[in-house]
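Visitor: Let me give you the structure first, and then I'll get to my questions.
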Amino acid sequence: MSENLGPIHYMMYEKIKFQDKITNYLLDGDTSKVDKINKAVSTDPLEDLIDQENIHGWLDSKIDVVENRLNYALNNSENTKEKLYEFGKINAQGKDFSNFNSVFTDLNMLLLDGMPCDRGLAAQIDNNGDLYLITNNNLHSKYESQTINPEDSKDNVCQGGHDHDHHESFEISNNDNINLNDEKSNYHDYRYAFLKGYFADSPYDVEMINGINFRIFPKIK
């Protein structure tokens, strides 16, 4: 149980809400069918919505909502990868590409991989200076085979013991040891399309590695 609403919880809710923006874009603004499965998360201020006696469980349940909705959109939109590429380009406009810290700070607000203590995604820079987005745990695959009941996640608790101001998974590591899991993932194929659009007009390029990881590196001039 989380007792205090902190900056990391506000960050998480921004990440959660962005997934509904993806869903809305893929469905050309017509979410009437997916709304019958799970209603969109509210955009009202977090402090007016959240159960402050159960912050972690409440946020986890909202992750289920947006993941269910996004899975529907990925399977029911037309020209899905093309749309994700274009949406990536749109969301890169005006962003700071001067260094990887700025890049990851922004991307981290767009990519959702469970709660921070799930450690689904990590960012590392290797000894060549390339940025890796590393999937330690594919938290999206379960939504591909079934609709998850958000109510079931309200009892989830965080065992990480971190404070509510920041989390190490929101920061880039410089550990030279980079371990890349290998997995086939439809979700990450779609994420790749978004990332290619995001970096299309930037100084960087992106490649997928082992199906669920991404290397971001300077474009060859």
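Visitor: Show me the helices (runs of 4 or more DSSP H) found entirely inside the range 1-116 where at least 2 residues are in contact (Cβ under 8 Å) with a residue 12 or more places away in the chain, surrounded by 15 or more Cβ atoms within 10 Å (Cβ to Cβ) and in contact with a Phe, Trp or Tyr (Cβ under 8 Å, 6 or more places away or on another chain).
Guide: In the range 1-116, 7-26, 55-76, 80-92, 100-107 are the helices (runs of 4 or more DSSP H) which contain 2 or more residues that are in contact (Cβ under 8 Å) with a residue 12 or more places away in the chain, surrounded by 15 or more Cβ atoms within 10 Å (Cβ to Cβ) and in contact with a Phe, Trp or Tyr (Cβ under 8 Å, 6 or more places away or on another chain).
Visitor: Given the criteria among the aliphatic types (A, V, I, L, M) and in contact with a Ser or Thr (Cβ under 8 Å, 6 or more places away or on another chain), does Leu46 qualify?
Guide: no
Visitor: From Ser185, Ser145, grab the single residue that is open to solvent by less than 60 Å² (accessible area, probe 1.4 Å) and not basic (Lys, Arg).
Guide: Sole residue among the options that is open to solvent by less than 60 Å² (accessible area, probe 1.4 Å) and not basic (Lys, Arg): Ser185.
Visitor: If you scan the range 22-52, which residues turn out to be charged (D, E, K, R) and either under 16 Å from Ile8 (Cα atoms) or in contact with a His (Cβ under 8 Å, 6 or more places away or on another chain) (or both)?
Guide: Correct list: Glu47, Asp51.
Visitor: Further, regarding this structure: Given the criterion surrounded by 18 or more Cβ atoms within 10 Å (Cβ to Cβ) and assigned to a strand (DSSP E or B), identify the matching residue among Arg215, Arg191.
Guide: Selected residue: Arg215, the only one of Arg215, Arg191 that is surrounded by 18 or more Cβ atoms within 10 Å (Cβ to Cβ) and assigned to a strand (DSSP E or B).
Visitor: It is to be established whether one or more residues within the range 154-161 are modelled with pLDDT of 95 or more and open to solvent by 40 Å² or more (accessible area, probe 1.4 Å).
Guide: For the range 154-161, residues modelled with pLDDT of 95 or more and open to solvent by 40 Å² or more (accessible area, probe 1.4 Å): absent.
The values are calculated or read from the model by the stated rules, or taken from the named source; none is laboratory data. Keep in mind that this is a model prediction, so the values were computed, not measured. Don't worry about glycine lacking a Cβ; one is built from the backbone with ideal geometry, like all the others, and counts go over all protein chains shown. With ligands, DNA and RNA removed, areas are computed over all heavy atoms of the protein, side chains included. Shrake-Rupley method; radii C 1.70, N 1.55, O 1.52, S 1.80 Å.
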